[in-house]
1. Within region A:131-142, does at least one residue satisfy the condition of being surrounded by fewer than 21 Cβ atoms within 10 Å (Cβ to Cβ) and within 24 Å of A:ASN22 (Cα to Cα)?
2. Which condition breaks for B:VAL390 when tested against (1) within 28 Å of B:VAL218 (Cα to Cα); (2) surrounded by fewer than 16 Cβ atoms within 10 Å (Cβ to Cβ); (3) within 10 Å of chain A (Cβ to nearest Cβ)?
3. Being outside any helix (DSSP H, G or I), more than 24 Å from the chain's Cα centre (by Cα) and over 15 Å from A:THR296 (Cβ atoms) is the filter here; which residues of region A:407-435 pass it?
4. Looking at B:ASP186, B:ASP214, B:ASP206, B:ASP220 in this structure, which one is closer than 21 Å to B:GLY287 by Cβ, surrounded by 24 or more Cβ atoms within 10 Å (Cβ to Cβ) and charged (D, E, K, R)?
5. For the subset of region B:405-435 comprising residues that are within 7 Å of chain A (Cβ to nearest Cβ) and in contact (Cβ under 8 Å) with a residue 24 or more places away in the chain, which member is farthest from B:VAL218 (Cα to Cα)?
6. List the pairs whose first member sits in region A:125-154 and is more than 18 Å from A:PRO166 (Cα to Cα), whose second member is part of a loop (DSSP other than H, G, I, E, B), and whose Cβ atoms are under 7 Å apart, counting only residues at least 6 apart or on separate chains?
7. When only residues in region A:34-50 that are hydrophobic (A, V, I, L, M, F, W, C) and touching a strand residue (DSSP E or B) at 6+ places or on another chain (Cβ under 7 Å) count, which is farthest from A:LEU79 (Cα to Cα)?
8. Mind listing whichever residues of region A:79-107 are free of Cβ contacts under 8 Å to residues at least 40 places away in the same chain, among the small types (Gly, Ala, Ser) and part of a helix (DSSP H, G or I)?
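Coordinate-derived values only; no laboratory data. Values in this document were obtained by computation on a predicted structure and should not be read as measured data. With ideal geometry, Cβ positions are generated from the backbone for all residues, glycine too; neighbour counts draw on all protein chains shown.
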2 protein chains.
Amino acid sequence: MKVCKFGGTSMATAAAINKVKNIVLSDPERKFVVVSAPGKRFKGDAKITDLLYAAHKESAEVGSPASAISEIRRRFSELIKDLNLALDIGPYIDEIERNITNGHSADYAASRGEYLSAVIFARFIGGEFIDAGDIIKFRLDGSFDPESTNDLVAEIKEREGITVIPGFYGRTPDKSIKTFTRGGSDVTGAIIARGVKASVYENWTDVNGFMVTDPQIVKDAKQMSVLSYEELRELSYMGASVLHPDSIFPVRENGIPINIRNTFEPDNPGTLILKDVSSYTRPIITGVSGRKHNTTLTIKKSMLNAELGFVRKVLSVIERNGVSIEHIPTGIDAVSIIITDTELDGHEQKIVEEIRGKVNPDSIEVIRNLALIAVVGHGMARTPGIAAKVFDALAKHNVNVRMMDQGSSELNIIIGVEDADYETSIKAIYEAFFG
Amino acid sequence: MKVCKFGGTSMATAAAINKVKNIVLSDPERKFVVVSAPGKRFKGDAKITDLLYAAHKESAEVGSPASAISEIRRRFSELIKDLNLALDIGPYIDEIERNITNGHSADYAASRGEYLSAVIFARFIGGEFIDAGDIIKFRLDGSFDPESTNDLVAEIKEREGITVIPGFYGRTPDKSIKTFTRGGSDVTGAIIARGVKASVYENWTDVNGFMVTDPQIVKDAKQMSVLSYEELRELSYMGASVLHPDSIFPVRENGIPINIRNTFEPDNPGTLILKDVSSYTRPIITGVSGRKHNTTLTIKKSMLNAELGFVRKVLSVIERNGVSIEHIPTGIDAVSIIITDTELDGHEQKIVEEIRGKVNPDSIEVIRNLALIAVVGHGMARTPGIAAKVFDALAKHNVNVRMMDQGSSELNIIIGVEDADYETSIKAIYEAFFG
């Protein structure tokens, strides 16, 4: 039995929804369908979720969400008309408008896109609608409650026919709607897949799966056929964004494969994400991803290696400022802390002053514009020469390596280059391994 | 004006001491001479300092240092006879024996080798002896007192003729003898050089200076002509041991060059250690050094990057156990701590248990037998392709890189390989840059 999740582009137009219907009906194992809210129909279009957030904001500001709601009403009416569906969406929209006006939360407002999407698709495919609020449970503190959720999802396992469930949200014990972070329908799909013990979690989107690197940098970047949960986690963390990173954890525990598929090219086998990839023939490098805009704080002090607790003290200062760190390259009389600019912005001066007071360094140097690149793959640990090939590719393009970090995982090398060299570096590494 | 320090081999035999005399007299600027205790005369011989520690131990155990003292007496008598010196060393040795028997400290005992060596050499060269206890000052807590020392050393600056000072020790305000750590005559020389504002600190030993790498691994390793204080510090920290690492700090402040010279090849210009090496043409890599026997603790936990303070908590545990760390390679869901085996031994189990309790990781992996190699040089930051060349050399010899760390200093790349690959790696890197 398969759980299929369809993303916003797949639910945006009647044409797309017809494709979704065909996909679901073409395989009798596709019994559970999780849907996103309708996304963009064309470049520059608004996503329904954004319109719903706008409605909540409009209501808070002027006492009524009327103008955003009228746009939402128009979008859904048009969709139902195009689908030739005998469904009066009016009362649903009226209720949402009323609730938002009466002060329901932003989470409630945002969740209604998935809710309506599931109502419509259940009717369209002749399946049964289940409200995510009835089976996806959050605790009063807003954290996800996996135990209650698993028990409730297990109860729907034996249902006949096709069951359609809205993604993205659930409910707390006091009946409030609570959403996952943006893109969280991926997480709902993974939770359902675990709860019903699916043989595979199909995540249908608008690309053929994961590419070896960012196709905006390397046009025609090759597609990954198979990767491991761990590789996916590392690539996602560094910027690859096909799948919500939290969607790995529910299925990983039970070893349920994730299959990324393309609604608009259903014949492409997509990318398969597995617990154990050792039985597949695969390239040594699985993927290359990265992120610009990081900053390095380098703290120098003579004999710091003889000073017990030096790094700990520096990290305490940064932690007290609520700032997360990425890497900690250490030298002999120097230690660096690498932090993303989004984390550091607004805290830099205070952190530098506090470090100065706390460890009395000889100098603190702040260098901006560092891009981090992760070269990821299970084959790396067993194959000498990977690092040589990576650095050789960068040297040939005259890229100066500012930082490197390997050793905590046999799965990646992390390299720091200047932001200006980022695209060149990604291209050079791609070319060396896949060109 | 120059300060010259002569090491143990230079003071071990009459033949060597004659060479030292010629060196000192050949340059009228060589006005201050710091001497070590007589070292080994041949492979397998005992150093005087070791005999003095043995005397102290013998006295503590059996109430008298007689047998060790008789060996010391024999060595010094022979030396004086070979030097044709009219000096009765008997009363000096008698006093040392008496003091050790009466419970003087191990530091006192150990310091007498330098003391006697200076007494003898002052007489031999017709210079003046100054007791290090009168000018090198320690505080009551045993720490070195640079302010008092500087004032006292400045007072001897204008002396006529040649002044001979024993290395290795000084005195506390309560008149106890206190030594630096072993090899500390290098430090005494640096302190004297700073105090008298020498133009150069000549450190005369039994090698021609620093070799690019360990000559026990690469026979005929080339000699470094010029290196910076910073490079020296990094190379020393990783194992290169021509000079006591603490001897850099006194002279660095005032930019006094250190010149490593060979008593037994006085025509070789040796290695010059400078504050600023930018005006010299030099190889891109200055040196390669390393250390075997390190351990990696790898702590894995899903989503640890989202957990503020994770690394700080791990470091706190290690610090509370009094253990120093070397490097902290970090991945996405993993962080490693690299610790020398000498630091970790006896603490491993407790540290692993405490980390488990403190951060609740998914796993902790302990991997032994990691060798750390530092490739050091100021040229590295400005030259793309250094990392490529290093890793290419290792790959060609089938060495798997287990860890790498660069970024906190523009002066080094640190690489981790298995202990079994250490010599191969050093040879391969040397060959790539100097072969």
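1. yes
2. Unmet for B:VAL390, out of (1) within 28 Å of B:VAL218 (Cα to Cα); (2) surrounded by fewer than 16 Cβ atoms within 10 Å (Cβ to Cβ); (3) within 10 Å of chain A (Cβ to nearest Cβ): (2).
3. Those that are outside any helix (DSSP H, G or I), more than 24 Å from the chain's Cα centre (by Cα) and over 15 Å from A:THR296 (Cβ atoms): A:GLY407, A:GLY435.
4. Only one candidate qualifies: B:ASP186.
5. B:SER409
6. A:ARG139/A:ASP145; A:ARG139/A:THR172; A:LEU140/A:THR172; A:LEU140/A:PRO173; A:LEU140/A:ASP174
7. Residue satisfying both the conditions and the ranking: A:VAL34.
8. Of everything in region A:79-107, just one residue is free of Cβ contacts under 8 Å to residues at least 40 places away in the same chain, among the small types (Gly, Ala, Ser) and part of a helix (DSSP H, G or I), namely A:GLY90.
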